[in-house]
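The values are calculated or read from the model by the stated rules, or taken from the named source; none is laboratory data. All values reported here derive from a predicted model rather than from experimental measurement. Note that each Cβ is placed from the backbone with ideal geometry, even for glycine, and that neighbours are counted across all protein chains shown. Ligands, DNA and RNA are stripped out before the accessible areas are found, and what is left, the full protein with its side chains, is counted by its heavy atoms. Shrake-Rupley method; radii C 1.70, N 1.55, O 1.52, S 1.80 Å.
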Amino acid sequence: MSIRRLPEATVARLPVYLRVLTETTEGTISSDHLAAGAGVNAAQVRKDLSHLGSYGTRGVGYDVAYLVRQISRQLGLGADRRV
């Protein structure tokens, strides 16, 4: 199994996307709305999320709960770590 390396700039934006998603009360979110909350453009959001996989549906948007799980997994937030 090979590990997909994400660009550092994408990794830096993922927590911002996660914050916007967790503040959303809707079940789906468009790349435009996610971009507005994150302070980037919609094309950047789509590009960043494409590094994680194909999660959006054109004309519908992204399932918020699913995207939260995927970004959290990518950031390693589901694992306990000794400090």
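Among the residues of the stretch 48-66, write down those that are surrounded by 14 or more Cβ atoms within 10 Å (Cβ to Cβ) and either without any contact (Cβ under 8 Å) to a residue 24 or more places away in the chain or not charged (D, E, K, R) (or both). Can you show your working first?
Of all residues in the stretch 48-66, those surrounded by 14 or more Cβ atoms within 10 Å (Cβ to Cβ) come to 48-49, 51-52, 55-56, 61-64.
Selection gives Leu49, His51, Leu52, Tyr55, Gly56, Gly61, Tyr62, Val64.
Return yes when Arg19 is within 12 Å of the chain's Cα centre (by Cα), open to solvent by 80 Å² or more (accessible area, probe 1.4 Å) and not hydroxyl-bearing (Ser, Thr, Tyr) and no when it is not. Give the derivation first.
Working: within 12 Å of the chain's Cα centre (by Cα): yes; open to solvent by 80 Å² or more (accessible area, probe 1.4 Å): yes; not hydroxyl-bearing (Ser, Thr, Tyr): yes.
Yes: the conditions hold for Arg19.
Residue check: is Tyr17 touching a residue at least 24 places away in the same chain (Cβ under 8 Å), in contact with a strand residue (DSSP E or B) (Cβ under 7 Å, 6 or more places away or on another chain) and among the aromatic types (Phe, Trp, Tyr)?
On the way: touching a residue at least 24 places away in the same chain (Cβ under 8 Å): yes; in contact with a strand residue (DSSP E or B) (Cβ under 7 Å, 6 or more places away or on another chain): no; among the aromatic types (Phe, Trp, Tyr): yes.
Spelling it out, it is not the case that Tyr17 is touching a residue at least 24 places away in the same chain (Cβ under 8 Å), in contact with a strand residue (DSSP E or B) (Cβ under 7 Å, 6 or more places away or on another chain) and among the aromatic types (Phe, Trp, Tyr).
Is it the case, given these coordinates, that Leu77 is in a loop (DSSP other than H, G, I, E, B) and surrounded by fewer than 16 Cβ atoms within 10 Å (Cβ to Cβ)? Spell out how you get there, then give the answer.
Working: in a loop (DSSP other than H, G, I, E, B): yes; surrounded by fewer than 16 Cβ atoms within 10 Å (Cβ to Cβ): yes.
So Leu77 passes the test.
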